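Reviewing the structure listed below.
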Amino acid sequence: AIVESSDDAIISKTLDGVIVSWNRGAERLYGYLADEIIGQPITRLIPPGHPDELPHLIDRLKRGERIEHFETQRVCKDGRCLNVSLTISPIKDDEGKIVGASKIARDITAQKRRETGLTFLAESGKLLSELLDVPSTLNRVAQLAVPKFADWCSVDLLEGDQQLVRVAVAHADPAKVELAEELRKKYPPDPHAPVGAWSVIRMGRSELVADIPDSLLAQAIRDPELLGVIRRLGLRSYIGVPLIVSGRTMGVITFIAAESGHRYDRADLQIAEELAQRAAIAIENARLYNEVKQASRRKDEFLAMLGHELRNPLAPIRSALQIMNTPNVGEAALAEARQVTQRQVQHLARLVDDLLDVSRIMRGHIELRRQPVSLQTVLSHAIETVQPLVNERKQQLIVDMPSKPVMLEADATRLTQAIGNLLNNASKFSSSPGRFWLTAKLDGGEAVISVRDEGIGIPRETLPYIFDLFVQGDQSLERTEGGLGIGLTVVRKLIEMHGGRIMADSRGPGQGSEFVIHLPTVQAPTSPRPEKPRDPAADAKRRRVLVVDDSVDAAKTIAMLLRLWGHDVKTAHDGAEALAIAHDFLPEVVLLDIGLPGMNGYELARRMRSEPPLAKVRLVAVSGYGQQEDLRRSKEAGFDQHFTKPVEPAALERLLRETDPPRNGN
């Protein structure tokens, strides 16, 4: 009764290996009824090709040994292979002679599958932790899964919304891998299939089909030829698991049991899902690593290019200064040297402005001052900024604008900067002499602006990234014009801040390029805003100005310029000296550097504001620091305005012209 009610298979056999008893547990385990198997050799339970351990076991039994927990494999009536643990005891007759053996067999297939799965998971995890090249590592993981966890393993990654790209596939038989690849090319996966990779992608959750019935194959595969091939592969069981990171499904891992006859269960699914989770994280980490690596490479290229671009204008400036200092130089040479210096200083200032702008824009520290402005006005100002370069390079800028005003709600200065940047690039990267085009038109509710040239063009592989930070098209040493790879980033951000969009196109190197901007338009205002009348007599007012800068050259040159304009100027190079001079001089305007030794500009400004004779003087910060935090600190310290070095002479002239009458009572 105990034997018959046992869940384990309890079998007895002769020393010749003939089965003489077979309980119900054996029937359940192996699938044979007692009448079918009693009298048959025990070798019927040994899988084909499996090592025959019977002679060794019989020898041990004949010596009277008891064999416990011997792990091996056995085959069922339906051909399935089982992992079993055997306990074998000798059977003796009344005289104590060994005449047979009693065997207890316990199914440990699930346990072995779990152990194998965990081993596979650990080994795969180690591979994934080293993942740098996604396809090759996933292919190694797929090969590791076969045959430890599956007969077939494949990995597909999603590209776009409608394309699954197979990055890995493995099977013990290489010929079958080739067959699978040929089938996939001939019969691409159906995005609408009710089960399989696309189904896992659509639903974003795992699929487990413990037994694959023929009806399911017929439902999923409508092509008769393909269905016949799949049937011959003998697919038995299937697991499909999505690769999900941050709520986004990026692909699917598929495990299929076939020749092994294994049926996947919930325990297998847990292992597969754990692997998929690790793989998804590893893929995302690899992507981030590659992005950081690429960003680091671009940063290094940018720093190298920055040094190059800053040194380029310094060379002609140094030469021009040497010419100016040479005795008996003609007036024409001096005039040319001055023009060269002015152009190169403007170029340096533009480089620094670009650097500051990209930093501010990326951190959201630029606010647009929007007001109605005509597109024609913006384009005209942009043309003015590039015209000197066009003239210098003997180029032709062909302009086509709408005859009627097209109104925008925009920051005219920033929009002029963006379009001027495109025109500047078109000139720099076109031949000299040469030509390029600026066209604008009204299309529905949008203004469409195009800047097109016949210059060096943009490689097709660079085109998708041309607006990214530090990306440049021509990075060769032979390139004729430079740049920091930030101008187009600034352009795109400014255009997007205006509610517009920008696109770039090029047929490739030497084929020119075109940048097209779309901007929303507005209705023209009913009446133009009157401009504030300017008092021409104000230009002649003489001001008392104190220039404070620890750089002697900076203070001296600004003072010389102001004296040429007719102003009374004193200079100081630290805070204590500035206070002493200010009490005697009583300036109307103080141009004050922030980074002073000892007493910095903020502290000096507070001291001046606290002393009655200087409390109402017009304080203007002149500093190399121009971030939002610097402007805030200047205002808190009592400054009326904040200029970033180098100060535009026109802005300085306007400041002195528009300064109110003396505020200190004198």
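The values are calculated or read from the model by the stated rules, or taken from the named source; none is laboratory data. Keep in mind that this is a model prediction, so the values were computed, not measured. A quick note on method: Cβ atoms are made from the backbone with ideal geometry, for glycine too, and the neighbour counts reach across all protein chains shown. These accessible areas exclude ligands, DNA and RNA; they are computed on the full protein's heavy atoms, side chains included. Shrake-Rupley method; radii C 1.70, N 1.55, O 1.52, S 1.80 Å.
See the values below:
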| item | result |
| --- | --- |
| Flag if Pro646 is in a loop (DSSP other than H, G, I, E, B), in contact (Cβ under 8 Å) with a residue 60 or more places away in the chain and either out of contact with any Ser or Thr (no Cβ under 6 Å at 6 or more places or on another chain) or within 20 Å of Ile558 (Cα to Cα) (or both) | yes |
| Hits in the stretch 125-145 - residues which are among the β-branched types (Val, Ile, Thr) and either modelled with pLDDT of 75 or more or touching a Ser or Thr at 6+ places or on another chain (Cβ under 7 Å) (or both) | Val141 |
| Residues of the stretch 600-625 satisfying the condition of being touching a helix residue (DSSP H, G or I) at 6+ places or on another chain (Cβ under 6 Å), aliphatic (A, V, I, L, M) and either modelled with pLDDT of 90 or more or crowded, with 17+ Cβ neighbours inside 10 Å (or both) | Leu604, Ala605, Met608, Leu614, Leu619, Ala621 |
| Whichever residue in the stretch 412-437 is under 17 Å from Arg501 (Cβ atoms) and modelled with pLDDT of 85 or more and, among such residues, is most open to solvent (accessible area, probe 1.4 Å) | Asn421 |
| Odd one out for Val373, checked against (1) in a helix (DSSP H, G or I); (2) buried (at least 18 other Cβ atoms within 10 Å of the Cβ) | (1) |
| Near pairs, Cβ below 8 angstrom, 6+ apart or cross-chain, from the stretch 228-254 (farther than 24 Å from Glu274 by Cβ) to any residue that is among the polar types (S, T, N, Q) and assigned to a strand (DSSP E or B) | none |
| Hits in the stretch 96-124 - residues which are at pLDDT 85 or above and either surrounded by fewer than 19 Cβ atoms within 10 Å (Cβ to Cβ) or out of contact with any helix residue (DSSP H, G or I) (no Cβ under 8 Å at 6 or more places or on another chain) (or both) | Lys97, Ile98, Val99, Gly100, Ser102, Lys103, Ile104, Arg106, Ile108 |
| Candidate set: the stretch 174-206, residues that are hydroxyl-bearing (Ser, Thr, Tyr) and modelled with pLDDT of 85 or more; chosen: the one farthest from Pro242 (Cα to Cα) | Ser199 |
| Selected residue (criterion: modelled with the lowest pLDDT) from residues of the stretch 512-548 that are open to solvent by less than 30 Å² (accessible area, probe 1.4 Å) and small (Gly, Ala, Ser) | Ala538 |
| Options Val167, Val209, Val141: the member that is touching a strand residue (DSSP E or B) at 6+ places or on another chain (Cβ under 6 Å), surrounded by 15 or more Cβ atoms within 10 Å (Cβ to Cβ), touching a residue at least 12 places away in the same chain (Cβ under 8 Å) and within 23 Å of Lys126 (Cβ to Cβ) | Val167 |
| Residue match in the stretch 146-163 (condition: open to solvent by less than 60 Å² (accessible area, probe 1.4 Å) and in a helix (DSSP H, G or I)) | yes |
| Residue check, Ser102 touching a residue at least 60 places away in the same chain (Cβ under 8 Å), among the hydroxyl-bearing types (Ser, Thr, Tyr) and either in contact with a Pro (Cβ under 8 Å, 6 or more places away or on another chain) or not in a helix (DSSP H, G or I) (or both) | yes |
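Residues are listed down the side, and each one gets a yes or a no for (1) in contact with a strand residue (DSSP E or B) (Cβ under 6 Å, 6 or more places away or on another chain); (2) surrounded by fewer than 18 Cβ atoms within 10 Å (Cβ to Cβ); (3) small (Gly, Ala, Ser); (4) modelled with pLDDT of 90 or more:
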residue	(1), (2), (3), (4)
Val406	yes, no, no, yes
Thr439	yes, yes, no, yes
Val451	yes, no, no, yes
Phe467	no, no, no, no
Leu484	no, no, no, no
